[in-house]
1. Evaluate the Kirkwood expression for the hydrodynamic radius of the stretch 168-213, namely the inverse of the mean inverse distance over all pairs of different C-alpha atoms, and round to one decimal in Å.
2. How long are the three semi-axes of the equivalent ellipsoid for the stretch 270-359, computed from the Cα gyration tensor as the root of 5 times each eigenvalue, in whole Å, largest first?
3. Express as a percent, rounded to the nearest 5, the fraction of DSSP beta bridges in the stretch 217-396 (both residues included) that run antiparallel.
4. Percent of alpha carbon pairs in the stretch 217-396 separated by more than 20 Å?
5. Go through 139-149, 125-135 and give me the packing order, highest mean Cβ count within 10 Å leading.
6. Ranking request for peptides 385-393, 106-114: highest mean number of other beta-carbon atoms within 10 Å first, then the rest in descending order.
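Derivation of every value follows stated rules applied to the coordinates shown; laboratory data play no part. Treat the numbers as computed from the prediction; the structure is a model and nothing was measured. For neighbour counting, all protein chains shown are included, and Cβ atoms are generated from backbone atoms with ideal geometry for every residue, glycine included.
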Amino acid sequence: MSADDAANSPHHAAGDSGSPEPPGGRGPADAGGQEAFDERATPDERAEQESAEAAESAEAVSGENPLALRLEQMILGAERHYTPFQAARSAGVSMELASRFWRAMGFADIGQAKALTEADVLALRRLAGLVEAGLLSESMAVQVARSTGQTTARLADWQTDSFLEGLTEPPEPGMTRAEVAYPLVELLLPELEEFLVYVWRRQLAAATSRIARADDEEAVSRRLAVGFADLVGFTRLTRRLEEEELGELVEAFETTSADLVAAHGGRLIKTLGDEVLFVADDPGVAAEIGLRLIETMTGDETMPALRVGMAFGTVTTRMGDVFGTTVNLASRLTSIAPRDAVLVDGEFAEALGASGEAPVSEADASEDEKYRFALQPMWRRPVRGLGVVEPWLLSRRE
């Protein structure tokens, strides 16, 4: 078992019933003289005995890096004290439920090595307590564990791969990066922890405010403007550019897109290297974001062409992501959009017209009215999986 596995992987193998097979098997007496378990012992008592034996075996052969263990202990704030079975029992949680929580959080199986701390026990108690109090269903608690694990895993990977890597170059020959990292992490850890909680509270406040402003029907079936922005010819770029250049281009695209989406009132759902997915409550906000993306990228000579597709309608939101026909339609519109242009669907165009931000028909546009956007109908065409659609070309009003 590696140090990383032990630090981040506190649960038993899938399907564990709390009674793992100890190394060397079991029976009345094995070749090493192991005695049989007391047949009068309860399943939990036998499992605990097996757990202790497995832990002793794992500790005897672990041979882990002492500095890695020191880093782990400093970050976790406690020493290893429990096997997964012992942690589950101390938390008053079944091994089966503990395993579900740990798998949801993204922790790899470690058998029954002694790799857990008091914090792991407390986390189990809290999740299980929310279920017992009726505040969360068991499936919802697992979703909470999964969403938190996925989000923080990506954050931790980014911080270690990009942030710490650039700050831990050995200052003198003979020093390892790990030796430099220890005092740096010790100084940064409390500050980054406080900052993480602050940002999470801000985001949670914004999300709950959106729900409070919506009526009951909108809370169940939300209507959102969904947009995709996609770099043109990215596959060819991957063959032409060096890895470092490609990484810088992707980072610049993602950073610029994220800043523009946030600044104009949208929400970035995810980035996919050469593509970003964003949403907005109002089509006018999404239209501004889409055009700003095009204008900003075309003004950067280092960036390839961009195309944007947007649709407006009912979406399903789950674990921070969005799904449904509206999302699929926005994606298809992106794939057929001209270079450096924005295509929207009929509902999006209709919503802009209804809000007075764009005339649906230029022939009917009043000279006295000031519109922000212009809409030009394009040829109706079949779109894979969605039938025939009529896209509209979105631009700024002259």
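1. Numbers: mean 1/r = 0.0756 Å⁻¹.
That comes to 13.2 Å for the stretch 168-213.
2. Values: eigenvalues 87, 61, 26 Å².
Equivalent ellipsoid semi-axes, largest first: 21, 17, 11 Å.
3. Details: 34 of 38 bridges.
Antiparallel bridges make up about 90 percent of those DSSP assigns within the stretch 217-396.
4. Details: 8385 of 16110 pairs.
It works out to 52 percent of all Cα pairs.
5. Details: 139-149: 16.3, 125-135: 14.3.
Result, highest mean first: 139-149, 125-135.
6. Working: 385-393: 14.9, 106-114: 21.0.
Sorting 385-393, 106-114 by mean packing, highest first, produces 106-114, 385-393.
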